[in-house]
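To start, the structure itself, in structure tokens.
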Amino acid sequence: MASTEKDLISKAIKVMKNAYAPYSKFHVGVCLETESGKQFTGCNVENSSYGATICAERVAIGAAVASGEKGIKKIAIVSSSDRPCTPCGICRQVLAEFGPDTEIICTSVKGKKIEKFLLKNLLPHSFDKSFVSGNR
Ligand code: THU
């Protein structure tokens, strides 16, 4: 395992402990690395109004963007499930805004298996800013 990858995974495991998931009991932690080498973490934040839940990925992306970062190089996603979980459809779309080539590293605290993907393979033919700007 590459050293940044190991580092991202261990930071994702750490932040996963802060997941607020009293409803699903499914805990997720992520750590992403931006093009400029900065790292940002996030955990899922659930709500009694279930639809208001925010996934760990979007919490970390929001923190990165709020710090002025816009390119996401890699994201490690760790969950409490038996096998590595991949990002949901909404998070794939939000990730696509900041880099189709983002590397997605998925693993679970219960197993040693690591699955890796490129975002463009998880969300092919995504809707992106080129459609919007072409329409102006
Ligand atoms: N969840 C994430 O935070 N990231 C994912 O990639 C999949 C799902 C959260 C949302 C919700 O709090 C819980 O996991 C169960 O869906």
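The values are calculated or read from the model by the stated rules, or taken from the named source; none is laboratory data. Keep in mind that this is a model prediction, so the values were computed, not measured. Positions of Cβ are backbone-derived with ideal geometry, glycine not excepted, and every protein chain shown enters the neighbour counts. To get the accessible areas, we keep the full protein, side chains included, count just its heavy atoms, and leave off ligands, DNA and RNA. Shrake-Rupley method; radii C 1.70, N 1.55, O 1.52, S 1.80 Å.
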Legend entry - the chain: most fluctuating residue of 88, 106, 31 per GNM, C-alpha cutoff 10 Å: 88
Inset, instruction - Using the Karplus curve 6.51 cos²θ - 1.76 cosθ + 1.60 with θ = phi - 60°, work out ³J(HN,Hα) for each residue of segment 94-100 in order, rounded to whole Hz, and write x for Gly and Pro. - result: 5, 5, 4, 5, 10, x, x
Legend entry - Net +/- balance of residues flanking residue 63 in space, Cβ distance below 12 Å, scoring K and R +1, D and E -1: 0
Legend entry - Top of 120, 25, 73 by mean-square fluctuation, Gaussian network on the chain, Cα under 10 Å: 25
Legend entry - Per residue solvent-accessible surface (Å²) - the chain, probe of 1.4 Å: 56 Å²
Legend entry - Inter-label distance, nm, simple model (7 Å from Cα along the C-beta direction), residue 6/residue 132: 4.0 nm
Inset, instruction - Sort 113, 38 from largest to smallest accessible area, using a 1.4 Å probe on the heavy atoms of the protein chains. - result: 113, 38
Inset, instruction - Take the chain, connect every pair of alpha-carbon atoms lying under 10 Å apart with a spring to form a Gaussian network, then pick out the residue of 84, 124, 100 with the largest mean-square fluctuation. - result: 124
Legend entry - Residue-by-residue Karplus 3J(HN,Hα) for segment 61-69, coefficients 6.51, -1.76, 1.60, Hz, glycine and proline x: 5, x, 5, 5, 5, 5, 8, x, 9
Inset, instruction - Mind listing the long-range amide H neighbours of residue 69? Cut-off is under 5 Å, sequence gap 5 or more, other chains count too, H placed in the peptide plane at 1.01 Å from N. - result: none
Legend entry - ³J(HN,Hα), Karplus 6.51/-1.76/1.60, whole Hz, each residue of segment 115-124, x for Gly, Pro: 10, 10, 9, 9, 3, 4, 8, 7, 9, x
Legend entry - Within the accessible area of segment 72-128 (1.4 Å probe), percent carbon and sulfur: 55 percent
Legend entry - Inter-label distance, nm, simple model (7 Å from Cα along the C-beta direction), residue 110/residue 26: 1.2 nm
Legend entry - Cleavage-rule hits, chymotrypsin sites (Phe, Trp or Tyr not before Pro), segment 72-136, DSSP coil, Cβ neighbours within 10 Å at most 12: 127
Inset, instruction - List the equivalent ellipsoid semi-axes of the chain in whole Å, largest first, each obtained as the square root of 5λ for an eigenvalue λ of the Cα gyration tensor. - result: 23, 18, 14
Inset, instruction - Scan around residue 98 for amide H atoms under 5 Å from its own, H built in the peptide plane at 1.01 Å from N, and keep only partners 5 or more places away or cross-chain. - result: none
